[in-house]
Amino acid sequence: MPFKPAHLANNSAKNSLFLRTLRHEPVTRPPVWFMRQAGRALRSYRQLKEKHSFQELLYTPELACQVTLLPIKDLGVDVAILFSDILVVLEAMGFKVNFGKNGPEVSPALKDLSSSQRANLLAQSIEYLNTAGYPENFKAVFKTISLVKEKSPEVPLLGFCGAPFTVFLYLFEGGSGLFTKALDYLYKNSQQALAWIDCINKTSLKYALGQKDHGVDAFQIFESWAGLLPADTYRLWIMPFIEELSQRLNKEQLPLIFFPRLAAGLESMPISTLSALGVDHQTDLAALSKKLPAKTVLQGNIDPHLPLYLPSDILEKYMQNYLKFFKIHPHWIVNLGHGVHPDTPEANLKLIVDQVKALSLPAHSSSS
Ligand code: CP3
C-alpha cells in the first residue's frame, strides 16, 4: 500500500458536486468556480497585498492556504484552486521570475541569449529535472496543498500547471506580450524550441504528480495561448506533450481539465484521456456541445467582461438565460471563459454564484 498522509485518508471532497460532475454522476446543478478567483477582484486579497508581495503570498504556505480559501468564504464558489502561478515551473528550471507591477518578468529571457548560452541553460534545466527529490519552490507549494486539505477537507482542491507551449512563450519572451520573437524561434528553430517545451513538460509532470501526492483532487492545464498556433500545427507539435501529461495523470486517476484558450478545432482534442474541456468565451457552448460526445464535461465560458461591466440586474437576466444550457448539457462546470478581470465588482461574481446555486433540476442519470 502506498503511504497516504493522514489528511488524505478520508477525503470528504470526494462526493462534492465538482468531483461528481467530473465523474459523470448525476447532479441537480452545475458546480461553479472562476479562473483567477483568488486575486485582485477580492477585497480580502487586496488587503493581504498591502502587507505582502505576491511572491510572499505564493511561497508562504500559511498565507497561500489562506488565499486559496478566500473565494470559498467570500464568493461561495464550489471549488478552491491552488494559489500559485504557471511560471513556478520556470523557477524550478533555474530561472528567476519576478512578479512586478507590469506582469511577470522571467530572467534570463531566452530571446536575449546566444544559441550556445541557450544550449547550456537547457542542459542545466534538464539536470535539475533529473535531480532526485523536488525543487524547494515546489515543496512550498506542496505544503500549501497539505494545509488546505487539513483545514478544509470538504472543499475540492484544483491543482494546475501551464501547458508547456504557453510557459515556453513566457520563457522565451521574458514576460507578457505578443510573443512574436518566441513564435519566430519556434518556426525557425523548431527542434530546439521543442526541446525546451519537452523539458518544461517533464518538469510540469513532476510538479503535477507532486501536487497529486499532496492532495489535489483534480488538475487543470492552462493553455492560455493555444490560439497562437493553427490547429494542425498545434496538433502536430504540441498535442503529443499534452497527451504525455494527460495519459500519465489518467493513470494516477487524477481528473484532468484542459483549457486550450482560443484553440481552433476544440472538437478534435483528445477527449478520451481528459475529464473535462475548458472553453473560452469566443466559442459557442451549445454549438460545441453538439459536435462532441454527449457526455463530454465542459467548463466555461462566461465572458469575463460581463461581470466586469454589466449592471447587476442585466447580469442577472443574462445568467438566467445562460444557465438554461444545463438542461441540454448536464455535464457542465460553470466558469468564465478566461480569468476574472482584477476590476470586476465582487458583488457581480457573487451574483453569478448565487444564480447557479439557485438552480435545481432533476438530476440527470449518468446514462443520459
Ligand atoms: O486562479 C486562481 O485564482 C489561482 C491562481 C493563479 C494565478 N495565476 C495567480 C496570479 C492561476 C491559476 C494563474 C495562472 C496563470 N498565470 C496563467 C494562466 C491563466 C491566464 O490568465 O491565462 C498565466 C498566463 C499566468 C502568468 C501570469 N501571472 C501573468 C500574465 C500575471 C500578471 C497579470 C495578472 O493577471 O496580474 C501573473 C501574476 C498573477 N498570478 C497574479 C495572481 C493573483 C497577480 C499578482 C498580484 O496580485 O499583483
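Here's the yes/no breakdown for (1) open to solvent by less than 60 Å² (accessible area, probe 1.4 Å); (2) over 28 Å from Met269 (Cβ atoms); (3) hydrophobic (A, V, I, L, M, F, W, C); (4) modelled with pLDDT of 95 or more:
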{"site": "Ala294", "(1), (2), (3), (4)": "no, no, yes, no"}
{"site": "Gln299", "(1), (2), (3), (4)": "yes, no, no, yes"}
{"site": "Ile302", "(1), (2), (3), (4)": "yes, no, yes, yes"}
{"site": "Pro311", "(1), (2), (3), (4)": "no, yes, no, yes"}
{"site": "Gln320", "(1), (2), (3), (4)": "no, yes, no, yes"}
{"site": "His331", "(1), (2), (3), (4)": "yes, no, no, yes"}
{"site": "His341", "(1), (2), (3), (4)": "no, no, no, yes"}
{"site": "Leu361", "(1), (2), (3), (4)": "yes, no, yes, no"}
- [ ] Determine the pairs where a residue that is assigned to a helix (DSSP H, G or I), located within region 221-237, has a partner that is away from the ligand (no atom under 16 Å from the Cβ) with Cβ atoms under 6 Å apart, the partner being 6 or more residues away or on another chain.
- [x] Ala231/Ala264; Ala231/Gly265
TODO: State whether one or more residues within region 75-98 are open to solvent by 40 Å² or more (accessible area, probe 1.4 Å) and in contact (Cβ under 8 Å) with a residue 60 or more places away in the chain.
DONE: no
Task: Which listed residue is over 30 Å from Pro30 (Cα atoms), within 16 Å of the ligand (Cβ to nearest atom) and in contact (Cβ under 8 Å) with a residue 12 or more places away in the chain, from Ser107, Ser125, Ser115 - done: Ser107
TODO: Determine if region 258-274 includes at least one residue that is away from the ligand (no atom under 16 Å from the Cβ) and of a type in the set (Val, Ile, Thr).
DONE: yes
- [ ] Among residues belonging to region 32-58 that are in a helix (DSSP H, G or I) and touching a Leu at 6+ places or on another chain (Cβ under 7 Å), point out the one that is surrounded by the fewest Cβ atoms within 10 Å (Cβ to Cβ).
- [x] Glu56
- [ ] List every residue pair whose Cβ atoms lie under 8 Å apart, where the two residues are 6 or more positions apart in sequence or sit on different chains, the first residue falls within region 147-170 and is open to solvent by less than 10 Å² (accessible area, probe 1.4 Å), and the second residue, located anywhere, is within 16 Å of the ligand (Cβ to nearest atom) and among the charged types (D, E, K, R).
- [x] Pro156/Asp78; Pro156/Asp217; Leu157/Asp217; Leu158/Asp217; Gly162/Glu223; Ala163/Glu223; Phe165/Glu223; Thr166/Glu223
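The values are calculated or read from the model by the stated rules, or taken from the named source; none is laboratory data. Every value quoted in this text rests on a predicted model; they were computed, and no experiment measured them. Here the Cβ is made from the backbone with ideal geometry for all residues, glycine too, and neighbour counts use every protein chain on show. Side chains are part of the model used for accessible areas, which takes the heavy atoms of the whole protein and leaves out ligands, DNA and RNA. Shrake-Rupley method; radii C 1.70, N 1.55, O 1.52, S 1.80 Å.
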